[in-house]
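The values are calculated or read from the model by the stated rules, or taken from the named source; none is laboratory data. Note that the structure is predicted; figures quoted are calculated from it, not measured. Neighbour counts are summed over all protein chains in view; Cβ atoms, including those assigned to glycine, are modelled from backbone coordinates with ideal geometry.
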Amino acid sequence: MERISQKMFPDRAKHPIRVLQYGEGNFLRAFVDWQIERMNREAGFDAGVAIVQPLQQGNVGVLNEQDCLYTLFLQGMRGSEATREHSVIECVTEAINPFESFDSYLSLAGCETLRLVVSNTTEAGIAFDPACALNDAPPASYPAKLTQFLYRRYRIFHGEEKKGLLIIPCELIDRNGERLKKYVLQYAELWNLEAGFVSWINRSNTFCCSLVDRIVPGYPRDTIKEITKELGYIDNAVDIGELFHLWVIEGPKWIAQEIPFEKAGLNVKIVEDMTPYRTRKVRILNGAHTTLVPVAYLLGLNTVGEAVDDAVAGKFLSQALEREIIPTLDLPRQELEEFAAAVLERFRNPFVKHYLISIALNSFSKYETRVLPSVLEYLTRTKSLPKHLVFSLAALLEFYRGRRGEEKIALQDEENVLALMGGLWSSFDGTDASLRTLVRGALSFEPVWKRDLNQVPGLTEAVAGYLSAIEKDGMKKAVEAIL
């Protein structure tokens, strides 16, 4: 069986390079490149992508061995139907390892048609490393690489205003575009680059903050033999993602005119302020995960899909979303409900086994960032506590007891959290007074909560009451009592 290659696609269009992409990983190939491909096919975008490997170790070699072609499978629920589809992504024009072909990489700075820069260099990628120098080939950090590239482009085109770029990072950090621009300007200062370059950066280049959302499991190691047989060719860069996608870009309205997202039917929003969308994602998508995990796991369930379809856990989650999380958010109610429905549909994806125990990693800090803001906002707006979200906190304390029936739970968290909860549970003697002491000790742990949660009106009593019910009646009866 032969490998996927150019000769299989003799009619493949050769697009001019319009997109420079830092990152060859699964996510960008299943998210940005898929969108470029779709805009090429359905909206006449005519854009080629040049991929740059941001780290010394990477996979551009695999892409080059198959002429930068790869197969993308998208799978999930479409309505009530389980759907699985695949296509070949043809828009990647070249893939460069700058650690081996530095001149080829830097020559792209002179590309007349280049317009868009995207990146996903992991959350740690957008960082300032003062050891990076202008003449490094290449510098280690991504912001240094980008500064070096932009400076070369500035010099080649003599600061021509129209040769500035639209720069949209996809790293999962807050205000990613602002942080990237800040570091580019810091490198310009560190390297003593001329004032004209700094002016060109500010005047002619647009840095946008963005929020990305698509689950991408990536290369299907467990099923690649079956997939190869199905395709009829070898593809060592097969990628797998879910059907759902969302890209929120905080930037000027002209982006929508220049890049035909809407014409291609893509779920891309160009907005003045992405904060409500980030809050929506953290509170609804991530918050739903964190709210669900301790309850569902202690009910004896193991995956998100099982939990959502379970009569008790599924009802608990849907009520928490509808009654307690959505009412704390400021976007239109219908939009929030549609997003929540899409989240539950994604959770039901039969092609993805998302284990609850893996989501349980660092659950205390996840609760603090994803769920606690909803608890406090609900209290502010209604003058009462959200019982489902507070019950989840009680279930979390029970989860950190470290046992599910006769089974030991492999707890994974910061050492100080594990030490705290281990100590509190070892001192528990089964009495109500001891239980209240445990709850007070857990809620007072300011290194995680950033405050003493015992000061939240009624919270200590509510958590202690729910935890007592879990201890005495078991998780199923305790949950059913609040549904």
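What to note about this one:
- Some residue of segment 452-465 being at pLDDT below 95 and on the phi < 0 side of the Ramachandran plot: no
- Some residue of segment 272-287 being at pLDDT below 95, touching a helix residue (DSSP H, G or I) at 6+ places or on another chain (Cβ under 7 Å), in a helix (DSSP H, G or I) and of a type in the set (S, T, N, Q): yes
- Residue in segment 166-179 that is surrounded by the most Cβ atoms within 10 Å (Cβ to Cβ), counting only those that are assigned to a helix (DSSP H, G or I) and without any contact (Cβ under 8 Å) to a residue 60 or more places away in the chain: ASN176
- With respect to (1) modelled with pLDDT under 95; (2) not in a loop (DSSP other than H, G, I, E, B), the lone exception for ALA13 is condition (2).
- Residues that are among the acidic types (Asp, Glu), touching a residue at least 60 places away in the same chain (Cβ under 8 Å), within 30 Å of LEU172 (Cα to Cα) and out of contact with any helix residue (DSSP H, G or I) (no Cβ under 7 Å at 6 or more places or on another chain), drawn from segment 1-51: GLU42
- Among the residues here, VAL293 qualifies as under 21 Å from ARG214 (Cα atoms) and under 19 Å from the mean Cα position of the chain (by Cα).
- Residues satisfying the stated conditions in segment 1-47, i.e. among the aliphatic types (A, V, I, L, M) and under 26 Å from GLU226 (Cβ atoms): MET1, ILE4, MET8, LEU28, ALA30
- Filter pass, ALA410 being part of a loop (DSSP other than H, G, I, E, B), of a type outside the set (S, T, N, Q) and surrounded by fewer than 14 Cβ atoms within 10 Å (Cβ to Cβ): yes
- Checked against (1) modelled with pLDDT of 95 or more; (2) out of contact with any Pro (no Cβ under 6 Å at 6 or more places or on another chain); (3) among the hydrophobic types (A, V, I, L, M, F, W, C), MET77 meets all criteria but (1).
- Among the residues of segment 413-441, the one identified as outside any helix (DSSP H, G or I) and in contact with a Pro (Cβ under 9 Å, 6 or more places away or on another chain) is GLU414.
- The condition (being over 23 Å from ILE470 (Cα atoms), of a type in the set (A, V, I, L, M, F, W, C) and not assigned by TED's automatic domain parsing to the domain that holds LYS253) is satisfied by just one residue among VAL343, VAL375, VAL371: VAL343.
- Identity of the residue in segment 193-249, among the aliphatic types (A, V, I, L, M) and assigned to a loop (DSSP other than H, G, I, E, B), that ends up nearest to the chain's Cα centre (by Cα): ILE215
- Matching option when the condition is of a type in the set (S, T, N, Q) and in contact with a strand residue (DSSP E or B) (Cβ under 8 Å, 6 or more places away or on another chain), among ASN135, ASN176: ASN176
- Pairs meeting the criteria (first residue in segment 466-483 and free of Cβ contacts under 8 Å to residues at least 12 places away in the same chain, second residue part of a loop (DSSP other than H, G, I, E, B), beta carbons under 8 Å, at least 6 apart or on different chains) are ASP473/ALA481.
Residue-by-condition table, conditions (1) farther than 24 Å from ALA313 by Cβ; (2) touching a strand residue (DSSP E or B) at 6+ places or on another chain (Cβ under 7 Å); (3) of a type in the set (Val, Ile, Thr); (4) in contact (Cβ under 8 Å) with a residue 40 or more places away in the chain:
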position: ARG381; (1), (2), (3), (4): yes, no, no, yes
position: LEU385; (1), (2), (3), (4): no, no, no, yes
position: GLU398; (1), (2), (3), (4): no, no, no, yes
position: ARG404; (1), (2), (3), (4): no, no, no, yes
position: LEU420; (1), (2), (3), (4): yes, no, no, no
